[in-house]
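A short write-up of the structure that comes next.
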Protein chains: 2
Amino acid sequence: MKISAQEEYGLRCLVQLANLADGETLTLPQIAELEGISAANAGKLMWLLNKAGFVHSTRGTKGGYFLARPADEIYLNEIIKVLDEDVLSSHCDSYTGVMEKCVHTGDCGIRPVIVGLHEIVENALSRITLASLVGNESKVDAMFHQIQGLHRTLEPQRV
Amino acid sequence: MKISAQEEYGLRCLVQLANLADGETLTLPQIAELEGISAANAGKLMWLLNKAGFVHSTRGTKGGYFLARPADEIYLNEIIKVLDEDVLSSHCDSYTGVMEKCVHTGDCGIRPVIVGLHEIVENALSRITLASLVGNESKVDAMFHQIQGLHRTLEPQRV
DNA sequence: GCTAATCATTACTTTTTAGTCAAGATTAGC
DNA sequence: GCTAATCTTGACTAAAAAGTAATGATTAGC
Ligand code: FES
Ligand code: FES
């Protein structure tokens, strides 16, 4: 259960756009610079996010990317769904081993674990907006711990 | 955010072992048959699980695999940690783009999201034993929704 | 119109993950 | 001891994901 590169960087690029003042845009080289990835890679990510309708772009000189909607109306679960190809809906078709479908007939204890995990993650992400991720680490941290129902204070540190 | 093949199949193989009566064992071809994967693949998975101490094995005729501990003392978070290479502890070292470490200095809104998601998943998995996954789909499903429900009821609490 | 800056799209290469194979080691039963 | 069934292990191959490159399209400013 881990975050893919596409989810990670895609999300980070969106946070950069959410950081902009109204009317400002970022070019691919700028995004690449800000996130420490190559411009080509940034281009691919932004292409995906554009197709999915999260950002708009203008071409030509003075062109660039900007959010298609206000950052406080974009929830993380929508973003992750696009960047992650939404694999859940076909779980029993994708991990089939050498068979066509998974071998479990009827009663299966695995399926609800997989589905349940995705529900829990979805549930958490659907409460967080892109806007709330902008430059406020301790705030985001507090929000997550509130969701979990845990009252721990985690010092911000690189992990 | 998705389950890897290793997590999925490894967990499924363990559930098969948890299903055995006391003293029984399963051979690689049997496990492979039950889960619809190749014997070679089952062999690799069981090797991992053996190294990690979840199963024991006996070689030779009449050999096979069995759980090293009672299934109701094995929690899913331990299993997943082994099958998933525990990537969390080095998040900012692994998604570094073209840099050595991630570019964010100080205040970062992404890090707590990643860490928080892993905490939520870990938290859910640490409450479920291998034993509870054996052949009772609706029970497992109910358990997961109870965990989610728990989060919901805790959230509105004021401090 | 021309040019430079920019996004768009597809094809390609590299890296990582998944899965297979083959040779070796161990054991029960004869 | 011999044999057949079994696990063990490292090397190999295949598939998927990640990342790069190259070419084409659009636009602002001159
Ligand atoms: S995982 Fe698909 S039915 Fe068990
Ligand atoms: S993701 Fe590592 S500091 Fe932002």
Problem set entry | Filter result for B:A40 (at pLDDT 95 or above, near DNA strand D (Cβ under 8 Å from one of its atoms) and either surrounded by 16 or more Cβ atoms within 10 Å (Cβ to Cβ) or over 23 Å from A:V113 (Cα atoms) (or both)) | yes
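Any idea which of B:E100, B:E85 is more than 8 Å from every other protein chain (Cβ to nearest Cβ), in a loop (DSSP other than H, G, I, E, B), at pLDDT below 80 and under 28 Å from B:K44 (Cα atoms)? Give the derivation first.
Values: B:E100 fails: under 28 Å from B:K44 (Cα atoms).
The match here is B:E85.
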For this session: Only residues that are over 18 Å from A:A68 (Cβ atoms) and within 9 Å of chain B (Cβ to nearest Cβ): list them for region A:1-32, please.
Result: A:M1, A:K2, A:I3, A:S4, A:A5, A:E7, A:E8, A:Y9, A:A32
Problem set entry | Residue count for region B:1-17, restricted to those that are away from ligand 1 (no atom under 14 Å from the Cβ), of a type in the set (A, V, I, L, M, F, W, C) and either in a helix (DSSP H, G or I) or modelled with pLDDT of 95 or more (or both) | 1
For this session: Scan (1) within 17 Å of the chain's Cα centre (by Cα); (2) in a helix (DSSP H, G or I); (3) among the small types (G, A, S) for the single condition A:G53 breaks and write down its number.
Result: (2)
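Let's see how each residue does on (1) without any contact (Cβ under 8 Å) to a residue 40 or more places away in the chain; (2) in contact with a strand residue (DSSP E or B) (Cβ under 8 Å, 6 or more places away or on another chain); (3) within 16 Å of ligand 2 (Cβ to nearest atom):
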| site | (1), (2), (3) |
| --- | --- |
| A:C13 | yes, no, yes |
| A:L20 | no, yes, no |
| A:G43 | yes, no, no |
| A:G53 | yes, no, no |
| A:L67 | no, yes, no |
| A:A71 | no, yes, no |
| A:I79 | no, no, yes |
| A:E85 | yes, no, no |
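The values are calculated or read from the model by the stated rules, or taken from the named source; none is laboratory data. As the structure is a prediction and not an experimental result, all values here were calculated from the model. Glycine also receives a Cβ, built like all others from the backbone with ideal geometry; neighbour counts cover every protein chain displayed.
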